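The values are calculated or read from the model by the stated rules, or taken from the named source; none is laboratory data. This is a predicted model, so every value here is computed, not measured. Glycine gets a Cβ as well: all are built from the backbone with ideal geometry, and neighbour counts include every protein chain shown.
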Amino acid sequence: MKRVLLASLILSGFALSGEFTLKKPPESLKKYYPPQSEKFEFLNNMHTMSTAFYAVQLNINDGNWEKATQWAKKLVETYKKTAEMVPEWKKYFDFKKAEAYLKAVESKNVDSVIKASQELGKTCAKCHQDNEIAVKIYYRFPNFSEIKIEDPVEFMEYELEDFMVKLTRSLQALNVYLSQNQPDKVQEHGMNFVERARAVKEMCSKCHTDKRDVEAITGKDYDQALNTLEELLNAEKPDFNKIKQITAKVTLTCYTCHNVHYIPSKIKSAFSK
Ligand code: HEC
Ligand code: HEC
Ligand code: HEC
């Protein structure tokens with residue numbers, strides 16, 4: 001029975017509660033992430049601790065207390081080293097709880113191990129609750145505010161955010177003139193939209209080296225939809241219904257791309273302000 005208990009009680013990962021805030025992570029972490037370091041020292045310690053936690057559990061279940069103790073030592077050692085890496089976060093670490101955990105494993109008493117791992121695990125969970133998401137976005141997601149796009153309509157270079165607004169304005173103007181039944185304006189703003197929507201693709205290769213990533217969102221279907229829209233706009237008597245249908249198809253792509261990139265990008269830029 002105890003074995004099952006141990007397996008289910010030792011912490012795994014973390015859970016965010018109903019409400020949480022994202023705080024800009026401390027600068028001292030910078031040393032352990034690109035571009036300053038490609039080694040991800042801080043993240044690697046997390047993996048070491050998590051693996052050690054589980055290794056203790058596995059070995060206790062196997063009755064191998066000697067190995068369990070070795071892993072517990074490794075966990076405590078890494079825990080202490082990690083505390084030194086980010087001075088701003090000292091308060092999250094509880095060395096007494098770490099020592100108590102090691103003692104519990106050394107004592108070969110399963111009940112004490114369960115209790116002590118929960119106690120130690122809570123210190124991990126508290127820090128994760130407060131910081132994990134923010135760190136993942138701040139240090140591991142690229143900076144979209146450095147991305148510039150050449151606007152094919154105004155022949156000017158814009159930051160991504162401003163370009164997105166231009167793109168949206170073209171789309172809105174197209175919709176407005178469609179509803180007002182003004183074919184000339186539909187044609188003008190529709191073509192601006194097509195050109196801007198094509199230019200969106202230029203930025204992908206600034207981050208993605210694998211063509212399949214680009215194809216997954218702005219692939220052949222996207223190109224084809226924009227070509228069709230262009231043909232419809234240039235027709236002698238533009239078919240407004242077809243234009244609306246194909247435009248709706250193109251805008252689905254906007255959402256797909258936003259689902260992947262928009263949220264982290266917005267959070268990251270909020271940290272830099
Ligand atoms: C890379 C994939 C991508 C595609 C495709 C894309 N967007 Fe965006 N869009 C973004 C990102 C990233 C941001 C956030 C930029 C920032 O940090 O402000 C954004 C921001 C926006 C914004 C908010 C701008 C602001 O004021 O902050 C609008 C509006 C927008 N996009 C509209 C569109 C429309 C309309 C389309 C399709 C025609 C589209 N986007 C296609 C990635 C994309
Ligand atoms: C002082 C804060 C802090 C403490 C204490 C802490 N962590 Fe973390 N942990 C983090 C942060 C920040 C991340 C996100 C790092 C990243 O994704 O680059 C993280 C991520 C992780 C991850 C996910 C790694 C991944 O690949 O996404 C694991 C697993 C983990 N921690 C295990 C632990 C364990 C086990 C403990 C306790 C023994 C612990 N952590 C204690 C801050 C902490
Ligand atoms: C500023 C950098 C940046 C730009 C620009 C960018 N992406 Fe991404 N994209 C990312 C990151 C980061 C991820 C998360 C996965 C990762 O780390 O590779 C991602 C994920 C994706 C994914 C999910 C699949 C995967 O490989 O993880 C697709 C598909 C994708 N991007 C397509 C696009 C397309 C299409 C464009 C251009 C319209 C684009 N991206 C522009 C950085 C970028």
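Tabulated data
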| quantity | calculated |
| --- | --- |
| Hits in segment 69-104 (condition: acidic (Asp, Glu), assigned to a helix (DSSP H, G or I) and within 21 Å of residue 128 (Cβ to Cβ)) | 77, 84, 88 |
| Residues that are within 27 Å of the chain's Cα centre (by Cα), over 14 Å from residue 98 (Cα atoms) and buried (at least 17 other Cβ atoms within 10 Å of the Cβ), drawn from segment 62-88 | 86 |
| Residue list for segment 234-273, restricted to those being among the small types (Gly, Ala, Ser) and farther than 20 Å from residue 192 by Cα | 265, 269, 270, 272 |
| Qualifying residue in segment 212-226 (condition: surrounded by fewer than 18 Cβ atoms within 10 Å (Cβ to Cβ), within 19 Å of residue 151 (Cβ to Cβ) and either within 10 Å of ligand 1 (Cβ to nearest atom) or not β-branched (Val, Ile, Thr) (or both)) | no |
| Answer residue from segment 130-172, given it is of a type in the set (Val, Ile, Thr) and more than 16 Å from ligand 2 (Cβ to nearest atom) and is surrounded by the most Cβ atoms within 10 Å (Cβ to Cβ) among those | 149 |
| Positions within segment 231-248 being surrounded by fewer than 16 Cβ atoms within 10 Å (Cβ to Cβ) and at pLDDT 95 or above, in sequence order | 231, 234, 235, 239, 240, 241, 242, 244, 245, 248 |
| Selection status of residue 195, among the acidic types (Asp, Glu), without any contact (Cβ under 8 Å) to a residue 24 or more places away in the chain and either on the phi > 0 side of the Ramachandran plot or in contact with an Asp or Glu (Cβ under 9 Å, 6 or more places away or on another chain) (or both) | no |
| Residue that is in the same structural domain as residue 20 (by TED's automatic domain parsing) and either part of a helix (DSSP H, G or I) or under 30 Å from residue 44 (Cβ atoms) (or both), where the choices are 132, 230, 202 | 132 |
| Unique residue being loosely packed, with under 13 Cβ neighbours inside 10 Å and in contact (Cβ under 8 Å) with a residue 40 or more places away in the chain when the list is 175, 181 | 181 |
| Extreme residue, farthest from residue 181 (Cα to Cα), among residues of segment 258-273 that are more than 16 Å from ligand 2 (Cβ to nearest atom) and buried (at least 16 other Cβ atoms within 10 Å of the Cβ) | 265 |
| Residue that is nearest to residue 152 (Cα to Cα) [pool: residues in segment 185-208 that are within 11 Å of ligand 3 (Cβ to nearest atom) and over 24 Å from the mean Cα position of the chain (by Cα)] | 199 |
| Selection count where residues are within 12 Å of ligand 2 (Cβ to nearest atom) and not in a helix (DSSP H, G or I), scope segment 40-68 | 1 |
| Filter pass, residue 185 being within 16 Å of ligand 2 (Cβ to nearest atom) and either at pLDDT 95 or above or assigned to a helix (DSSP H, G or I) (or both) | no |
| Test: residue in segment 185-208 that is farther than 20 Å from residue 258 by Cβ and either surrounded by fewer than 15 Cβ atoms within 10 Å (Cβ to Cβ) or in contact with a strand residue (DSSP E or B) (Cβ under 8 Å, 6 or more places away or on another chain) (or both) | no |
